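The values are calculated or read from the model by the stated rules, or taken from the named source; none is laboratory data. Just so it is clear, the structure is predicted and the values come from calculations on it, not from any experiment. Please note: Cβ atoms are built from the backbone with ideal geometry, for glycine as well, and neighbour counts cover all protein chains shown. Heads up: the accessible areas ignore ligands, DNA and RNA and are worked out on the full protein's heavy atoms, side chains in. Shrake-Rupley method; radii C 1.70, N 1.55, O 1.52, S 1.80 Å.
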Amino acid sequence: MWRVFEPVHAATYFAPETAEAYRRCGLKGFWMGYFAARAAPMGAVSAAVVEATFYNFAPRRVRRAIPDAWSFAVPGAVLDARQQATTAALARVMPSDGEQLERAVELAAGAARALEFPGRPLAAANAALELPAHPLTALWQLCTVLREHRGDGQVAALVDAELDGLEAHVTLVGTGAVPRAILQPARGWSDEEWEEAEERLRRRGLLADDGTLTTEGAERRRGVEAATDRLARPPWDAVGAARTQELHDLLEPWSMALAAAGMLPVVNPMALPVRAPADG
């Protein structure tokens, strides 16, 4: 399910319509737009809150954007721009009305109603927003709630596995799933910081000298992914296998269309080679 709702959510960051909307708000560069748009449901939070909830970005990248973003655009203005621009972006490649869209909203809403939010700050903040009347925007917001719920769960799994945000990236690279050359600059970590994290993981017996995971490291990483899935499972159990599959089948072609339109980040669930955003 993550593979098919993540692309719908991600359009709010990577579509040209949203970049332009954030620029008109007064936000400066891609990363200020990203951090402000994703954090805005929580209000005008500090850099420390963004670092903690987003978990895996280099602090200096966050601090270049937050809290300065709130001096250019208050959270409410960012949320309005996010909603309007995302609707326009999605409408280029997804149906803006029709029975299939209405059914997808109904199914996603059923899953979202089954969510619980203790320990899930980003999901809770997005779930507290009023559901838009436009069905396309409503579907996007529901996918966003589901996405952030899963992401909050993965942060909990990483904390439990004693992997900090940078170590999470190093171990992901160690699986061979994503190259360091793509992931490291996308999250703003320096070579020195990356190599220090590698050394910490080697001392703990999780990383081999060649940068791949040891047997223990691979087991630790599998445990994180298994815990993330387990913590994300309750809404799908609540709606049942048939409705889960129905929603999957509705979202999949739309997600593939969004991927083909270039609206996904460099590390994406469709495994497509999308270029990373500029460090603006």
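For region 170-227, give the percent of accessible area contributed by carbon and sulfur heavy atoms, probe 1.4 Å, rounded to a whole number.
51 percent
Test of understanding: express the Cα radius of gyration of region 163-275 as a ratio to 2.2 N^0.38 Å, with N the residue count.
Normalised Cα radius of gyration, region 163-275: 1.29.
At 0.36 nm per residue, and after removing the present C-alpha to C-alpha distance, how many nm does the segment from Thr175 to Ala260 gain when stretched out fully?
Difference between extended and current length: 28.0 nm.
What distance in nm separates the simple spin-label points at Ala128 and Glu106, each placed 7 Å from Cα in the Cβ direction?
3.1 nm
Can you tell me the accessible area per residue over region 103-148, all protein chains present, probe 1.4 angstrom, in square angstrom?
38 Å²
Just to make sure I understand: if all protein chains stay in place, what is the order of Glu195, Glu252 by accessible area at 1.4 Å, largest first?
My answer, sorted largest first, is Glu195, Glu252.
Output needed for region 1-120: three equivalent-ellipsoid semi-axes, defined as square roots of 5 times the C-alpha gyration tensor eigenvalues, in descending order, whole Å.
One finds semi-axes of 26, 19, 12 Å for region 1-120.
So how far apart, in nm, are the two label points at Asp191 and Arg230 if each is 7 Å from Cα heading toward Cβ?
4.0 nm
Residue by residue through region 19-34, which ³J(HN,Hα) values in whole Hz follow from phi under the Karplus form 6.51 cos²θ - 1.76 cosθ + 1.60 (θ = phi - 60°), with glycine and proline marked x?
Whole-Hz 3J(HN,Hα) from phi for region 19-34: 4, 5, 5, 5, 5, 5, 5, x, 6, 10, x, 4, 5, 5, x, 4.
Using only the alpha-carbon atoms, what does the chain span along each of its principal axes? Please give whole angstrom values in decreasing order.
55, 46, 35
Any chance you could run the full-extension gain for Asp160 through Ala218? It's 0.36 nm times the residue separation minus the Cα-Cα distance, nm to one decimal.
19.3 nm
In region 30-102, carbon and sulfur make up what percent of the accessible area (probe 1.4 Å)?
51 percent
Can you give the calculated 222 nm mean residue ellipticity of the chain, where each DSSP H run of n ≥ 4 adds -39,500 (n - 2.57) and the sum is split over every residue, rounded to the nearest 500 deg cm²/dmol?
Counting only the DSSP helices, I get -21000 deg cm²/dmol.
Going by average Cβ density within 10 Å per residue, which order do the peptides 165-174, 58-67, 211-220 take, highest to lowest?
Most protected by this proxy first, the peptides run 165-174, 58-67, 211-220.
Between Ala48 and Arg202, how many nm apart are label points set 7 Å from Cα along the C-beta direction?
3.4 nm
Quick one: 3J(HN,Hα) in Hz for region 116-133, Karplus 6.51/-1.76/1.60 with θ = phi - 60°, rounded, Gly and Pro as x.
10, 10, x, x, 10, x, 5, 5, 4, 5, 6, 5, 6, 6, 5, 6, x, 6
Taking amide H positions as placed 1.01 Å from N in the peptide plane, with prolines and chain starts having none, which residues 5 or more places from Leu207, or on another chain, fall under 5 Å of its amide H?
Answer set, sorted by chain and number: Arg202, Thr214.
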